[in-house]
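Worksheet: the structure to be examined is printed underneath.
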Amino acid sequence: MIQHSQTSLGMDQARQAILTPLTAVSGWERVSTRDALGRVLAEPVIAPCNVPAHDNSAMDGYAVRHADLAAGAESRLQIVGTAFAGRPFSGITGAGQAVRIMTGAEIPRGADTIVVQEIVRIEDSSVLIPAGQKAFQNLRRAGEDLAEGSVALPAGKRCSAAEIGLIASLGIAEVSVRRRLRVAFFSTGDEIATIGRPLGPGQVYDSNRYTLYSALTLLGCELLDMGVIEDKPEALEQAFIDASNNADVILTSGGVSVGEADFIRELMARLGDVAFWKIDIKPGRPMAFGRIGNAWIFGLPGNPVAVMVTFYQFVKDALLALSGVSPLPEHILFEATIDSAIAKRPGRCEFLRGRLAFVGGRCTVSVAGAQGSGVLKSMSDANCFIVLPEDQGDVASGGSVLVQPFDGLF
């Protein structure tokens, strides 16, 4: 159930208001392991075998019996063969014997210790091993990574390259994944021009739709691009109806403020529910969240940077939750030293575009260019957000600020 608020919400309140009513979409499908990249597992992946499948060597060297090694002196052992990865030594390592072994090769029967090749000497057909070797050193045990029957990956895990490799290491060719989240999105405003055409008087190009397309594609959503909708209530109403009949989520940009041509919030309230429409942040204060029919709706601001801020601070986690990701990834914040003063009044959380660097072992950050909410160039120049919390006042040059790196966020 949506809890309604007529007041402006703080960051944490807004996140809670968004995430609390959300549940993952139903439906799943079987896909090949390679096609599972970016998808969310609908059920756990259970290891059908041990990984590794057998005891093997972690190093290139010699497989020996530890009992044959002298405690305080060099030991001489006869080399009786070689074990390769995929081509094990077929004999048994007897007393006084050693087997040349390669990384990943199965441990020969009888051997229990691997001596690395860098520390031994070879004379004729013997290997001379220095004192001080530990029993069972440099061994990788069968099932050390994953034991047969154990949960390799839980349901709700979003598959990155590491997960795809892990699934493949188990010999699994197909997995069950949740269906893709269907997201409809459109821009609003008579001033919005389609790219590739000359600008008319007072027009700007539609960057927001391309920003959202890129962000949604990286999240693996199924997209319904509805283009630019003119500032007419009847056109916007029909767009909402069409989108709510065909999508799980609707994203709009522009038209959520209090101007005479800002119809989004009123239409949301008439066709469905509006939980809130103001957040105490900069940029991005006017952002509406609610529901029309079975579709969740986010009315994002019109300014390009505000769209990116609100998407990555609020919408992205909501889309992941609806896609079945559990638990949600944490927002990584850490402290850095700012190289210039920043003026700020307490009362709202502010996101500045910053450039993070490591200088002399210290993490430093600088403001990346002009900070207007329509200046996308500084988003491109930046590699982090400088996050100034609601209770934060002015910051002196050399002071400590919180930063949120873009890596993993975009």
*Every residue from region 107-133 that is assigned to a loop (DSSP other than H, G, I, E, B) and touching a helix residue (DSSP H, G or I) at 6+ places or on another chain (Cβ under 8 Å)*: ASP112, PRO130, GLN133
*Yes/no for ALA368 being outside the structural domain of GLY284 (by TED's automatic domain parsing), touching a helix residue (DSSP H, G or I) at 6+ places or on another chain (Cβ under 9 Å) and small (Gly, Ala, Ser)*: yes
*For region 166-189, what are the residues that are assigned to a loop (DSSP other than H, G, I, E, B) and either touching a strand residue (DSSP E or B) at 6+ places or on another chain (Cβ under 9 Å) or surrounded by 22 or more Cβ atoms within 10 Å (Cβ to Cβ) (or both)?*
LEU170, ILE172, ALA173, ARG179, ARG180, LEU181, GLY189
*Considering region 289-329 alone, what residues qualify as being under 16 Å from the mean Cα position of the chain (by Cα) and either assigned to a loop (DSSP other than H, G, I, E, B) or farther than 26 Å from VAL177 by Cα (or both)?*
SER323, GLY324, VAL325, SER326, PRO327, LEU328, PRO329
*Has region 268-278 got at least one residue that is modelled with pLDDT of 95 or more and either polar (S, T, N, Q) or surrounded by 18 or more Cβ atoms within 10 Å (Cβ to Cβ) (or both)?*
no
*Consider VAL228 against the criteria (1) part of a strand (DSSP E or B); (2) closer than 22 Å to LEU9 by Cβ; (3) in contact with a Ser or Thr (Cβ under 9 Å, 6 or more places away or on another chain); (4) not hydroxyl-bearing (Ser, Thr, Tyr): it satisfies all of them except one. Which criterion is unmet?*
(2)
_Subset of region 164-194 [of a type in the set (Asp, Glu) and over 29 Å from GLY143 (Cα atoms)]_ = ASP190, GLU191
_Residues satisfying the stated conditions in region 239-256, i.e. over 10 Å from ALA184 (Cα atoms) and buried (at least 24 other Cβ atoms within 10 Å of the Cβ)_ = SER253, GLY254, GLY255, VAL256
_Checking the conditions here, which among ALA24, ALA70 is assigned to a loop (DSSP other than H, G, I, E, B), of a type outside the set (D, E, K, R) and loosely packed, with under 13 Cβ neighbours inside 10 Å?_
ALA70
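The values are calculated or read from the model by the stated rules, or taken from the named source; none is laboratory data. Source: prediction; values computed, not measured. Note that we place each Cβ from the backbone using ideal geometry, even for glycine, and neighbour counts take in every protein chain shown.
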